[in-house]
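Visitor: Dropping the structure in here first, questions after.
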Amino acid sequence: MKTFVANENDIQREWFIVDAADKSTGRLAVVIANVLRGRNKPTYTPHVDTGAFVVVVNVEKIKLTGNKEEGKIYQDYSGYPGGLQQRSASKIRAIHPERIIMQAVEGMLPKNRMSRKTMTRLKVYVGPDHPHEAQNVQTLEFNG
């Protein structure tokens, strides 16, 4: 019996859509990260990018459990002295709600060049509308 190793030429990239309304952030991020890496496929190979595209809509309605709305702090650092900005999740939700799910998914991917390439296949939108109707988008279902 031979070991199967996926090639870049053999990869079929699907498009999935996820409605983030009333979904827990961490549980949703785990599912999205696994689909982006291709871990839901039987042809998964760790060193080959076999993942799919994921479109996330309604990110402004995502659920943060516990007291994370005020207690979770997001940090941005410009690299200059005094350039550290700390904002709570409620302020991030008001300004850029897509950053909550983007940072959660990015934190669940390995820290390497392939994950930076993988993150380009994550498309996050505020509201139910997205411009990817022509890609034959399938609904990604999960219990979370």
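Visitor: Taking H placed 1.01 Å from N in the peptide plane, check which residues at least 5 places from His130 or on another chain put their amide H under 5 Å from its amide H.
Guide: Long-range HN contacts for His130: none found.
Visitor: Would you kindly calculate the mean projected area, averaged across all directions, of the convex hull enclosing the Cα atoms of segment 77-139, in square nanometres?
Guide: Quarter of the Cα hull surface area: 6.5 nm².
Visitor: What distance in nm separates the two pseudo spin-label positions at Met119 and Lys68, each 7 Å out from Cα along the beta-carbon direction?
Guide: 1.8
Visitor: List the extent of the Cα atoms of the chain along each of their three principal axes, largest first, rounded to whole Å.
Guide: Computed over the chain, the largest-to-smallest principal extents equal 56, 36, 28 Å.
Visitor: While we're looking at this one, here's another question. So for the pair Asn40, Thr3, with labels modelled 7 Å out along Cα→Cβ, what separation do we get in nm?
Guide: Reported label-point gap for Asn40 and Thr3 is 2.7 nm.
Visitor: Follow-up question, since we're still on this one. Go through Gly83, Gly38, Gln135 and say which Cα lies farthest out towards the positive end of the charge dipole of segment 15-139; charges sit on Cβ, +1 for Lys and Arg, -1 for Asp and Glu.
Guide: Gly38
Visitor: Helix 25-37 versus the longest principal axis of the chain: what angle, 0 to 90°, nearest 10, using Cα atoms?
Guide: Between the helix axis and the principal axis of the chain, the angle is about 30 degrees.
Visitor: Relative to the longest principal axis of the C-alpha atoms of the chain, give the angle of the C-alpha long axis of helix 98-107, reported between 0 and 90° and rounded to the nearest 10°.
Guide: The angle comes out at about 60 degrees.
Visitor: Of the residues Gly26, Gly82, Gly71, which exhibits the maximal mean-square fluctuation in a Gaussian network model of the chain defined by a 10 Å Cα contact cut-off?
Guide: Gly82
Visitor: Still on this structure, please answer the following. With Rg and the Kirkwood Rh both taken from Cα atoms, where does Rg over Rh land for segment 1-54?
Guide: Result: Rg/Rh = 1.07.
Visitor: Rank Ala89, Ala134, Ala33 by mean-square fluctuation in a GNM of the chain with C-alpha springs under 10 angstrom and give only the top-ranked residue.
Guide: Maximum fluctuation in the GNM of the chain, among the listed residues, is at Ala134.
Visitor: Moving to a separate point now. Quick check: Cα centre of segment 75-107 to Cα centre of segment 1-53, how many Å?
Guide: Computed from Cα coordinates, the inter-centre distance equals 26 Å.
Visitor: Defining a contact as two alpha carbons under 8 Å apart and six or more residues distant in sequence, what relative contact order in percent does the chain show?
Guide: Relative contact order here is 33 percent.
Visitor: What is the calculated FRET efficiency for Gln85 to Val137, with r their C-beta to C-beta distance and R₀ = 25 Å, to the nearest 0.05?
Guide: The formula returns an efficiency of 0.10 here.
Visitor: Also, quick follow-up: For the chain, with only Lys/Arg (+1) and Asp/Glu (-1) charged at the beta-carbon, what is the dipole magnitude about the Cα centre, in debye rounded to 20?
Guide: Charge dipole, the chain, about its Cα centre: 480 debye, nearest 20.
Visitor: Would you compute, from DSSP H runs of 4+ residues alone, the mean residue ellipticity of the chain at 222 nm, taking -39500 (n - 2.57) per run and dividing by the full residue count, rounded to the nearest 500?
Guide: Working: 5 runs with 40 residues, N = 144.
Taking each H run of at least 4 residues, the total per residue is -7500 deg cm²/dmol.
Visitor: Sticking with this one: When DSSP assigns beta bridges and you keep just the ones with both residues in the chain, what percent turn out antiparallel, to the nearest 5?
Guide: The answer is about 30 percent antiparallel.
Quick note: the coordinates plus some simple rules give every number you see, no bench work behind them. A quick note: this is a predicted structure, and the numbers were derived from the prediction, not measured. Reconstructed Cβ throughout: ideal geometry from the backbone, glycine too, with neighbour counts over all protein chains shown.
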